[in-house]
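Structure first, commentary second.
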Amino acid sequence: MINDNCRVCKGKTKRRGYLYICNDKSCRAVFWDKAKVKRKIKEDPVNRELIIEEAKIPKVKKGNHFLYVLRMKRNPKDIDKPYQKTEYNGETALHPYIRYLNHITKNNHSRKFRTDRYATALIDFKCQKMTREVAKKREKQLILEKKGMGINALGG
Ligand SMILES: [Zn+2]
């Protein structure tokens, strides 16, 4: 059994299929039962749609884009460096829950930053009516802001 406490605040979560959402409104971190979703999709790729359906993910309005932040585990090769919080920042026209599922199931994941291996939770996202180009610019800004805050901000 997966530990269903929130990976960020350790509080209670509610489960929708294989998706866990923190009950605490100020946290709202989300994570997938990664082992299960990977196994299900490997068994039959059609299961991806069922997993998404069971998670009751809201539909995204046309023209909307999201900026999202994934919490990342430390890469073992950085173990000798001073500790730094690591996050992956991205933009997407998909709902971020689906984008996050794609990251961990190697469907258009970041090969460079190995989001399939190191992403452990979706910790933030914002939705806005904007073009892909604007979303990409915002993503770059977000990465710079996070770096300024001392976060090891990946992406772009
Ligand atoms: Zn939480």
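Here, each number is a calculation from the coordinates, and none is a lab measurement. What you see is a predicted model; the values in this text were computed from it and never measured. Heads up, the Cβs are rebuilt from the backbone with ideal geometry, glycines too, and the neighbour counts pull from every protein chain shown.
Report the calculated FRET efficiency for Asp44 and Lys14 (r = Cβ-Cβ distance, R0 = 41 Å), to the nearest 0.05.
Values: r = 27 Å, r/R0 = 0.65.
Efficiency for this residue pair is about 0.95.
Rg then Dmax, both in Å and based on the Cα atoms of the stretch 13-155: 15.2, 45.
Only the Cβ atoms of Lys and Arg (+1) and of Asp and Glu (-1) were treated as charged; on that basis the dipole of the stretch 13-155 about its Cα centre amounts to roughly 100 debye. Return the FRET efficiency for the residue pair Met1, Tyr83: r is the Cβ-Cβ distance, R0 is 25 Å, and the value is rounded to the nearest 0.05. The calculated FRET efficiency here is 0.25.
Helical runs assigned H by DSSP (4 residues or longer) give the chain a calculated mean residue ellipticity at 222 nm of -9000 deg cm²/dmol, each run adding -39500 (n - 2.57) before division by the residue total. Put a dot 7 Å past the Cα of Arg74, heading toward its Cβ, do the same for Lys62, and the two dots end up 4.8 nm apart.
The slack in the chain from Asn107 to Asp24, taken as 0.36 nm per residue of separation less the alpha-carbon distance, amounts to 26.9 nm.
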